[in-house]
Every structure is written in structure tokens, then in C-alpha cells.
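The next block holds one structure in the form of C-alpha cells; read it before the comments.
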Amino acid sequence: MVGEYETVKVVNGKGIFATRTSTEGIKKWGGLISMKTETGNKIYPFSGEYLVAAKTAVVSPVNMNVLYLEVDNPLKISVPGYTAGEITAVIDNGKLSATKKSLGEWSARPSKKGKALVTLYAQVDGKRSRMGSMEFRVKEVPPPKAKVQFAIDANGTTVIEKMRMVNAGGLLAELKDFDFKGVRYMITSYRLSGVYKGEQMKEDTQGPKFNDKMINIIKNTKSGNAITISNIKAKRVDAKNTAVRALDPLVIEIK
């Protein structure tokens, strides 16, 4: 060491400096170049900077860059060489907010179907610099399945006792195998068909509850016959700007 400087060995006119880093980010470095001249040694100061990036392994799903409409989609955001606190992000569809910024955890909530562009920025020398962006597809939450409480599946057939179906009171919309919490659908309309006093009858209703005519159809359906629920529509009740969804029909055998 010379003063506060480390001496670098020069080979064939080149001096190679190496150091071990311990933190990420932009690092400044510099030194003095000593050159022999006819009038003696002359000192030339120099300076520069380099970026220390963390060792990262990234696996990106090619066909799954999807955000769901009006859902809080968790995102993990990072830029190699910068701490999470130095990074900010924006989205051009909906809202993007930091949930745990120190850990790089954010939440994106798109407000319309189509696409959303997430752009990352980092503080470089006190200035906000664009570091890159990623485009996502924005899709509707999957539709739920219509069901009647107390009905059970037996060998591929949905069955229920008639009075248990009456007591169920109406139709439910169940969303299975979807990992986002808080998403809720409600049945908005449907048609119930069955045999009433020996004749095939059908009745339409608004909302999830069975009306009086539907209850009479259920009560008068003989054991072994089926009730069909069709033209089922449902809508999310946890979010605005979402469309009414058409659901698969439901065939229920009366025990």
C-alpha cells in the first residue's frame, strides 16, 4: 500500500486491479497513475464506477405471463445490482402498489382486459432511470361452477333428496382451484326445468333463490327423475368492471 492506495503490478504496460465486493449497487473507484518522464515521475488521477449485481437465477414461464382482471396479483420485482428499495415500478393498466418494497413485493390490479405493461425504474446517481419492462396478458377470472347445497356427486351423477334441495333455497356459484382470495361470484339468473303434476315445466328467475313455482316443481318431481338448471348467469360481487358470465348447466337427479 502507498498511503491509502494499493499498488497494482504492471505487466506489459497493463495494470490489472481485482477486488471482492460485499454489497450490491453502483460502486465508485479510482486511483493514481504514476508515469516516468524526462522531468521525473508525474501523477495522473483517474476515477470510474462499476455495477455490482447479485448472482441470480431466473426461470420465466413463457405462456403464463398473465394478470387477472380486478384481482390483486402478487409480483416479485428486482433489478440485478440494485436493492429493492432503489426500485420503483409503474403499470399502464390499473394500479400497481408496493406491499413489501424492502423485499421487492408488489401487487398489480389491472382494470381492463387485454394487456398491461409493467415498467421498472432505479435510482442511478440520484436520477430515475428506466431499467426495462415486461408485458402481461390480462384475463378474466375463470368462471365458477353452479351448485346446489347438499347435492352430492355419485358415480358422475349429481343427486339430492327433494326436501334437501328445497331447504338449500337456491343456487350457489363455487370457484374451485383458484389461488386468489376474495374473489366471489353470485348467481344473477337461471332457468329450472322439471316435471310438475305430470307435465314438463320450466321457470325463470332473477337472483340465486328458488321462487315459489320452482319449489313446487322440485316438490312434485318423482324419485329417479331429474331437474335441469340452465341459462345460468353469474357475476363477481367483489369487483366492478367485470362481465356477467354464462355457466355450464346443472342436471340433478332427485333421490
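Remarks
- Listed here are the strands (runs of 3 or more DSSP E) enclosed by the range 79-187 that have at least 3 residues being closer than 30 Å to residue 26 by Cβ and either under 20 Å from the mean Cα position of the chain (by Cα) or in contact (Cβ under 8 Å) with a residue 40 or more places away in the chain (or both): 87-91, 95-100, 105-109, 114-124, 127-139.
- Per-region count, the range 238-254, residues basic (Lys, Arg) and loosely packed, with under 14 Cβ neighbours inside 10 Å: 1
- The lone exception for residue 214 - which of (1) surrounded by 15 or more Cβ atoms within 10 Å (Cβ to Cβ); (2) assigned to a strand (DSSP E or B) it fails: (2)
- Members of the range 111-149 found to be farther than 29 Å from residue 70 by Cβ and surrounded by 14 or more Cβ atoms within 10 Å (Cβ to Cβ), listed by number: 122, 123, 124
- Scanning the range 12-26 for residues that are part of a loop (DSSP other than H, G, I, E, B) and over 30 Å from residue 86 (Cα atoms) yields 12, 13, 16.
- Scan of the range 217-237 for residues that are free of Cβ contacts under 8 Å to residues at least 60 places away in the same chain and either buried (at least 19 other Cβ atoms within 10 Å of the Cβ) or part of a strand (DSSP E or B) (or both), ordered by number: 217, 218, 221, 226, 228, 230, 231, 233, 235
- In the range 150-159, the residues that are surrounded by 14 or more Cβ atoms within 10 Å (Cβ to Cβ) and either closer than 29 Å to residue 110 by Cα or among the β-branched types (Val, Ile, Thr) (or both): 158, 159
- Evaluating residue 75 against the criteria (1) crowded, with 16+ Cβ neighbours inside 10 Å; (2) modelled with pLDDT of 95 or more leaves one unmet condition, (2).
- The single condition from (1) surrounded by 12 or more Cβ atoms within 10 Å (Cβ to Cβ); (2) part of a strand (DSSP E or B); (3) of a type in the set (A, V, I, L, M, F, W, C); (4) modelled with pLDDT of 80 or more that residue 29 fails is (1).
The values are calculated or read from the model by the stated rules, or taken from the named source; none is laboratory data. Quick caveat: nothing in here was measured; it's all calculated off a predicted structure. Note: ideal-geometry Cβ built from the backbone for every residue, glycine included; neighbour counts use all protein chains shown.
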